[in-house]
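The next block holds one structure in the form of structure tokens; read it before the comments.
The values are calculated or read from the model by the stated rules, or taken from the named source; none is laboratory data. Remember, predicted model here, so these are calculated numbers, not experimental data. Cβ placement follows ideal geometry from the backbone for every residue including glycine, while neighbour counts extend to all protein chains displayed. To get the accessible areas, we keep the full protein, side chains included, count just its heavy atoms, and leave off ligands, DNA and RNA. Shrake-Rupley method; radii C 1.70, N 1.55, O 1.52, S 1.80 Å.
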Amino acid sequence: VVAPSQPATVLNVLQQANRNKIPVILADTDANYSEKVSFVGTGNLVAGQEGGKYMANKLHKGDKVAIIRGALGDKTHDDRSNGAEKALKAAGINVVTIQPADSDRAKAMNVMQNILQSNPKIKAVFVTSEDMALGALRAVQSKNSKVMVVGFDGTSEGLNSIKSGGLDAEVAQDPYKIGYMAVDAAVKAIHGQSVDKRIDSGANVITKQNVDESISKIKQYIGN
């Protein structure tokens with residue numbers, strides 16, 4: 001079971017596994033490796049749409065919003081951004097700009113500062129990772145702005161920000177479930193059982209209303 005941070009760099013090792021008849025399950029981040037048994041992770045396009053729908057329900061038709069995303073060409077962030085954009089546009093929300101911040105908190109803060117400068121009437125921003133969302137939030141707070149910030153990931157730092165009134169919401173992955181389902185798929189593969197080529201671990205929108213439940217679940221998982 002492999003969760004690659006840079007998928008292109010692990011292909012040679014994965015090919016070695018294939019030559020040794022070792023089945024490979026990719027978890028969380030997919031790679032262009034045709035011999036994999038399965039990819040287990042978040043369906044990012046659908047998850048992005050859920051984030052966009054949440055924002056649209058909090059806004060009014062014609063409101064202006066922005067999207068801050070990871071590096072251009074990164075499929076994970078392509079899907080999250082495209083999903084959110086599709087849902088927002090379907091609801092009549094005006095997506096005025098989509099800017100990359102390369103999954104970097106400091107860069108996202110700078111990008112958000114520029115967005116606020118050039119689009120003073122912006123109402124919200126959807127950000128395709130938690131780290132970037134927290135950077136964008138810092139820019140919003142420094143301007144004493146009321147812009148709604150919705151992030152993506154759902155780790156402890158982001159959830160605590162929601163609880164304290166920082167981030168408005170996050171589209172939360174379920175890393176525990178990804179790990180569990182990946183190992184389950186691996187055991188099935190070892191025993192020659194059928195495994196789906198893609199297994200969606202799901203995602204939920206976390207807000208102030210359900211954040212305590214999510215924090216409690218994480219603490220339970222890590223034994224804290």
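Annotations for the structure displayed:
- Each peptide among 52-59, 130-137, 186-193, 116-123 gets the average number of other Cβ atoms lying within 10 Å of its residues, and from highest to lowest they stand as 130-137, 52-59, 116-123, 186-193.
- Long-range amide H partners of residue 201 with built H, under 5 Å: 41, 42, 43
- GNM on the chain, alpha-carbon springs under 10 angstrom: the most fluctuating residue among 25, 162, 206 is 25.
- With respect to the chain, whose longest principal axis is taken over its alpha-carbon atoms, helix 211-222 is tilted by about 30°.
- Accessible surface for the chain, divided over its residues, is 52 Å² per residue with a 1.4 Å probe.
- Listed values for segment 96-111 are Karplus-derived 3J(HN,Hα) couplings in whole Hz (6.51 cos²θ - 1.76 cosθ + 1.60, θ = phi - 60°), namely 7, 7, 10, 10, x, 10, 6, 6, 10, 4, 5, 5, 5, 4, 5, 4, and x replaces Gly and Pro.
- Using a probe radius of 1.4 angstrom, the carbon and sulfur fraction of the accessible surface of segment 91-177 is 44%.
- For residue 38, residues with placed amide H under 5 Å, excluding near neighbours: 26
- Rounded tilt (10° steps) of 175-190 against the dominant C-alpha axis of the chain: 20 degrees
- Long-range amide H partners of residue 95 with built H, under 5 Å: 65
- Contact order relative to length of the chain, as percent, for alpha carbon pairs under 8 angstrom and 6 or more apart: 21 percent
- Of all DSSP-defined beta bridges confined to the chain, some 10% are antiparallel rather than parallel.
- Phi-based couplings in Hz for segment 116-121 (Karplus 6.51, -1.76, 1.60; Gly and Pro marked x): 5, 5, 8, 10, x, 9
- Förster radius 35 Å - calculated FRET efficiency between residue 118 and residue 222 (Cβ-Cβ, nearest 0.05): 0.25
- Whole-Hz Karplus values for segment 129-139 come out as 8, 5, 4, 5, 4, 5, x, 4, 4, 4, 5 Hz, taken residue by residue from phi with 6.51 cos²θ - 1.76 cosθ + 1.60 and θ = phi - 60°; glycine and proline positions read x.
- Using only alpha-carbon positions in the chain, the gyration tensor eigenvalues give semi-axes of 34, 19, 15 Å once each is multiplied by 5 and square-rooted (largest first).
- Neighbour net charge for residue 43 - beta-carbon separation under 9 angstrom, K R +1, D E -1: -1
- The slack between residue 110 and residue 144, meaning 0.36 nm per residue of separation minus the straight C-alpha distance, is 10.7 nm.
- Difference of contour (0.36 nm per residue) and Cα-Cα distance, residue 46 to residue 94: 15.3 nm
- For the chain, built as a Gaussian network whose Cα springs stay under 10 Å, the top-fluctuating residue of 68, 115, 22: 22
- Compared with the dominant Cα axis of the chain, that is its longest principal axis, helix 44-58 is turned about 20°.
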